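Following: one structure in structure tokens, then a few remarks.
The values are calculated or read from the model by the stated rules, or taken from the named source; none is laboratory data. Keep in mind that what you see is a predicted model, and the values were worked out from it rather than measured. Glycine gets a Cβ as well: all are built from the backbone with ideal geometry, and neighbour counts include every protein chain shown. In case anyone asks, the SASA skips ligands and DNA or RNA and just uses the protein heavy atoms, side chains included. Shrake-Rupley method; radii C 1.70, N 1.55, O 1.52, S 1.80 Å.
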Protein chains: 2
Amino acid sequence: MAEKINIIGGGLAGSLLSICMAKRGFEVNLFERRPDMRKNRISAGKSINLALSTRGLKALEQVGLDKEIMKEAIPMYGRTIHSRTGEINYQPYGKEGQAINSVSRGLLNIQLLELADAYENITLHFNAKCIDVNIEQGLATFEMEGGTKKTFSSDRIVGTDGAFAATRARLQSTDRFNYSQSYLPVGYKELIIPPGQGAKFMMEKNALHIWPRGAFMMIALPNPSGDYTCTLFMPFEGEKSFSKLHTESDVKQFFDEEFPDAVPLMPSLLKDFFTNPTSSLVTVRCYPWSNGGRLTLAGDAAHAVVPFFGQGMNCSFEDVMVLDECIGNYYPNWNKAFDEYQKQRKPNADAIADLAIANYTEMAEKVGDKVFLHKKQVEHKLCELYPNDFKSQYELVTFSTVPYKQAQDRGLVNDLILAYIIDHKLEEQLHNRELILPVIKNKGMM
Amino acid sequence: MAEKINIIGGGLAGSLLSICMAKRGFEVNLFERRPDMRKNRISAGKSINLALSTRGLKALEQVGLDKEIMKEAIPMYGRTIHSRTGEINYQPYGKEGQAINSVSRGLLNIQLLELADAYENITLHFNAKCIDVNIEQGLATFEMEGGTKKTFSSDRIVGTDGAFAATRARLQSTDRFNYSQSYLPVGYKELIIPPGQGAKFMMEKNALHIWPRGAFMMIALPNPSGDYTCTLFMPFEGEKSFSKLHTESDVKQFFDEEFPDAVPLMPSLLKDFFTNPTSSLVTVRCYPWSNGGRLTLAGDAAHAVVPFFGQGMNCSFEDVMVLDECIGNYYPNWNKAFDEYQKQRKPNADAIADLAIANYTEMAEKVGDKVFLHKKQVEHKLCELYPNDFKSQYELVTFSTVPYKQAQDRGLVNDLILAYIIDHKLEEQLHNRELILPVIKNKGMM
């Protein structure tokens, strides 16, 4: 008889994992706290659109969903920077043709659930809120619709129940479980730029828009229907902060001063501002992710990251791929499979968590800074001129499947290379291979 | 009518706090999960004896218990280091007469509870396990003896319920609560050296004994009845670790090799080793400690530290003093009182947590190292020769009430001073004030 796997959390990571496990022939139960989003489209209490990039696409490819998802995606080839005076500056993300893709979280989740539902060996359970887990006995107890409690047994449990995971809470009370939850002093609020007449995009369509203002910023991602989901990221407290925006006139004045070119595009700004919640941004780290061969965590449940590198979903999908591969390599030794998985993923999850936090400063502050822009231009040229020898950290994170930890380390080396080139005023000689290649290679050896 | 304060956790911090609050005229309820330890002497699941030093003594003085406690205490004036070959080396902790004091955790707790019980405005509740807290409404729900549930209302709640506090767990689910629990790879096991005939101390009585062995160590603290509580600190995994000691012969061989001079003094070693648990060592950090003016945390509930600086209780008692002082300064503005308290204590709690972790390396590894011993000797002489200008970090932490953060910072400066003196071979000229005083003062300015 096939082993039973209970997957707790039917978001992006959980629904993808259910498909991978079904493909391996296991008997899969997938439990989701919310109602079936295919019937009533509801917000997951999370951001509306996400940036899908190479790692995520590779995972979708393995379950045959990549092409379908990409049909509905909007490629964003770079950042469009909006200054306070309405000037616009464009920074490409990668080489010609490289883009991150704005996709709808809801639609992606629905497509994954539909694919999962087509497997005979996957059973979907909605409105099932996990309230207890007995790791040793493989039992998970849920509060079902209407308040009844139901316990399901299994051979293995995977917790994909997000940043505030019930499965992880259960691990937290086991001995020697390291855990941290750490909030940024910055919160966020979603706003909207609606389409013009005939679903017209009111700004550049194929770009991620940023209004960098130092300690705070607004960003906007395009949606297929012609609208943009805007997000204002700003400190909770301080001079320019959510705590200072009490009245409609506070908000109006603030937006008029800071984002004058956006205001005419945001007719429902004041209503949206006071209707939509101000949410917080948490980084969660823990270890071990696994408890013997009985239970493991994946996705946000194992490592919630802040959204500033656009890698949350991509990282979670990569978890699923690595977990699936480890099970493939070591089954039926679940202990070994879960242990190899966590050992491989933990340093990479830590790296992307760090990079995401650091990227807030880059997006909110540096992208508007001349010295930084110059450095980015030199970096971009090096990427184009030396594609085999020089790869930017952004490129490695976003357009490759090199482990995040390696991308992080490479970023430090790149900083040395760029500092050397700029210090020695070599910007006009970047094409001189005999001069530049040794700089790239030697710094890489340091 | 007096405001009602519910204190959850009747350990050392909670019982001391109840007395301070009663003195201020509040109506105090003190809830303790365990039975009344005055009736049945039970272990708190924690170490048997503790090192009471200046900060803790100052707190006890304020409630008039210091002299009574010190009657039963054993002063330890320094460390007695036991080498593998049985050689003994003595390092004084401070100047002539300065000592840390071995006291019984149980006895100290009982004396605090008895004092609390004498106050008409304190009600003690035992066998009351906190299972829920409603912060906004000031409600705390307990599972009482026999399993009945009872809810108590109050104006303010203070959580003094230890490293695994239920009160803190409630805060953990509030937005923007930063939290971490981090385990050392090292565990511990308590063992015993019984008294000789006529309650004779079988080793030096007035010292803390250490058997430093690099990655692991044993320590022993004297008890008034002539016995020593020994603690073996050792990694859970690895070459020399708990995971390698399976059989009686494993344990016997290990102790014979590592602690040959202690073995003859430990007749029940093998029985104790397999009967007593192997416990883990956690550092807990969180912030904020307070939720408005309704609830705050103190002691291990706010900041569990590892035991290697002997400051856990002293730090908790200092929390209570500062909290009491802030309430005195700002009452009836509880919001302000709790906020000032947490702002004052948080950096100091973080500092002692760091220092305690660092002290494991010092105790297990460095105290047996010649270079370190030389440095300590120079430091000790500077303390004696320049009492107004040079204070060691250990002295500041243990024999003063200078904030822990300041003591930590001063330790870094002292390292520079000592490095300078040793690098310049000034050890023989320490008494030369014209030469040495500028070194002390200038490094202090850096």
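Just the protein heavy atoms count here, and of the accessible area of chain A at 1.4 Å, carbon and sulfur take up 51 percent.
The loop-placed GluC sites (Glu not before Pro) in segment B:342-446, going by DSSP, include none that has at most 11 neighbouring Cβ atoms within 10 Å of its Cβ. Shape descriptor for segment B:366-433: Rg over Rh equals 0.96 (Cα atoms; Rh from the Kirkwood inverse mean 1/r). Cross-link partners for A:Lys425 among the lysines, with Cα-Cα distance under 23 Å and sequence neighbours closer than 8 places in the same chain left out: A:Lys366, A:Lys370, A:Lys375, A:Lys376, A:Lys381, A:Lys391, A:Lys441, A:Lys443.
For segment B:348-402, list log₁₀ I(q)/I(0) at each q in 0.13, 0.17 Å⁻¹, using the Debye formula over Cα point scatterers of equal strength and ignoring solvent, two decimals each. So the normalised log intensities are -0.38, -0.65. Distance between Cα centroids, segment A:361-408 to segment A:236-262: provide it in whole Å. A separation of 32 Å, based on Cα centres.
Between the helical axis of B:248-258 and the longest alpha-carbon principal axis of chain B there is an angle of about 60 degrees. Averaged over residues, the count of other Cβ atoms within 10 Å places the peptides A:100-112, A:405-417 in the sequence A:100-112, A:405-417, highest first.
The residue of chain A whose Cβ sits closest to the rotation axis that maps A onto B, together with that distance in whole Å, is A:Ser180, 2. Here is the tail figure for segment A:54-213: Cα pairs spaced more than 29 Å apart come to 46 percent of all pairs. If you wrap the Cα atoms of segment B:185-280 in a convex hull and average its projected area over all directions, you get 6.0 nm².
Above 43 Å lies some portion of the pair distances; for chain B, what is it as a whole percent of all C-alpha pairs? Here the tail beyond 43 Å accounts for 17 percent of pairs. Taking a straight Cα-Cα cut-off under 12 Å and skipping sequence neighbours fewer than 8 places away in the same chain, the aspartates and glutamates within cross-link reach of A:Lys129 are A:Glu32, A:Glu143, A:Glu145, A:Asp161. Per residue of peptide A:170-176, the mean number of Cβ atoms on other chains within 10 Å of the residue Cβ is 3. Across the alpha-carbon atoms of the protein assembly as shown, the computed radius of gyration and Dmax are 30.9, 99 angstrom. For B:Asn49, the residues whose modelled amide H falls within less than 5 Å of its own, excluding neighbours fewer than 5 places apart on the same chain, are B:Arg105.
Taking every residue in B:179-185, how many Cβ atoms of other protein chains lie within 10 Å of its Cβ, on average?
Mean partner shielding for this stretch: 5.
Given a 1.4 Å probe and the protein chains as shown, A:Ser392 ends up with an accessible area of around 10 Å².
Plainly put, the tip 7 Å out from Cα toward Cβ on A:Thr151 is 2.7 nm from that tip on each other copy, the closest given first. Applying a DSSP loop filter and a limit of 14 other Cβ atoms within 10 Å to the GluC sites (Glu not before Pro) in segment A:195-249 leaves A:Glu237, A:Glu239. For trypsin sites (Lys or Arg not before Pro), the sites in segment A:199-229 that DSSP calls loop and that have at most 16 other Cβ atoms within 10 Å are A:Lys205. Note that segment B:338-446 presents 50 Å² accessible area per residue, ligands and nucleic acids not counted, probe 1.4 Å.
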